[in-house]
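Engineer: One structure follows; several queries about it will come next.
The values are calculated or read from the model by the stated rules, or taken from the named source; none is laboratory data. Model, not experiment: these values are computed from the prediction. Here the Cβ positions follow ideal geometry from the backbone for every residue, glycine too, while neighbour counts run over all protein chains shown. Note: accessible area is taken over every heavy atom of the protein model, side chains too, but ligands, DNA and RNA are not part of it. Shrake-Rupley method; radii C 1.70, N 1.55, O 1.52, S 1.80 Å.
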Amino acid sequence: MSASSKATAARRLFVGIALDAAVRATCAAVAQRLRAAGFAAIYEDPAKLHLTLAFLGNVAAPHCNESAVALGDAAARCSRFGIVLDKLDAFPHARRPRVVYVGARAGGPAFHALAETVRNVYRSRGFTFKDDCVAHVTIARVKESKRPLPMLEIAPIRLEIAALSLFESIVDPDKNTSRYALLSQDALR
């Protein structure tokens, strides 16, 4: 790809919460327990674990800076808080899992307010969102759902939400995977 085509290519972006090392390791340990229980899935690389607030999709390269400015606008409107990740669950549901996650039984008003603030800032810039935001960290994906998600209890994981992060999802076709690059981060009040 030439330098000029790289400059105009769209970049796949999302806004989320970066996990600290302890939360990341604890979520990865839950995934390892699930794997040890014999649950067939494609497990996420621990380096990719995060909590998504708003999937922006493919953003034209010239507009990526605007997306970073919007991140700062959203962060300036929100206060720091904590949530507890305390359940193993799946989308669309545990009986036929496709996406397995560590989530919060009670996301709480602060989490929902944060997600709505972030989404409203991006909506004002032309982005659209179809699903409600659920406090979760994806740990595995199931290609063909053949059995329900095993019931595993997990110890509560305290997640301090102190900053918003703008990530780029970069596809690696040779390895049939992707990695996430942190583009921008802004502290909450």
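Engineer: Give me the accessible area per residue for the stretch 1-107, probe 1.4 Å, as a whole number in Å².
Structural biologist: 49
Engineer: Pulled fully out, how much extra length does the chain show between R147 and D132, if you take 0.36 nm times their separation in residues and subtract their Cα-Cα distance?
Structural biologist: 2.8 nm
Engineer: Out of G38, Y122, I17, whose Cα points farthest toward the positive end of the dipole of the chain (charges: +1 Lys, Arg; -1 Asp, Glu; placed on Cβ)?
Structural biologist: About the Cα centre, the residue reaching furthest to the positive side is G38.
Engineer: Give me the angle, in degrees from 0 to 90, between the Cα long axis of helix 108-123 and the longest principal axis of the Cα atoms of the chain, rounded to the nearest 10.
Structural biologist: Result, in degrees: 40.
Engineer: Got a number for carbon plus sulfur as a percent of the chain's accessible area, 1.4 Å probe?
Structural biologist: With neighbouring chains kept in place, the figure for the chain is 52 percent.
Engineer: Let's see if you can work this out: charge +1 on each Lys and Arg Cβ, -1 on each Asp and Glu Cβ, no other charges. What is the dipole magnitude of the stretch 64-189 about its Cα centre, in debye to the nearest 20? Could you put the intermediate results ahead of the total?
Structural biologist: On the way: 19 positive and 14 negative charges, 93 e Å.
Approximately 440 debye in magnitude.
Engineer: What is the ratio of the Cα radius of gyration of the stretch 12-53 to 2.2 N^0.38 Å, where N is its residue count, to two decimals?
Structural biologist: My calculation over the Cα atoms of the stretch 12-53 gives 1.28.
Engineer: To the nearest Å, what is the center-to-center distance of the stretch 163-189 and the stretch 11-74, using C-alpha atoms only?
Structural biologist: Value for the Cα centre distance between the two parts: 7 Å.
Engineer: Between A29 and R98, what is the spin-label point distance in nm, taking each point 7 Å from the Cα along the Cα→C-beta axis?
Structural biologist: 3.2
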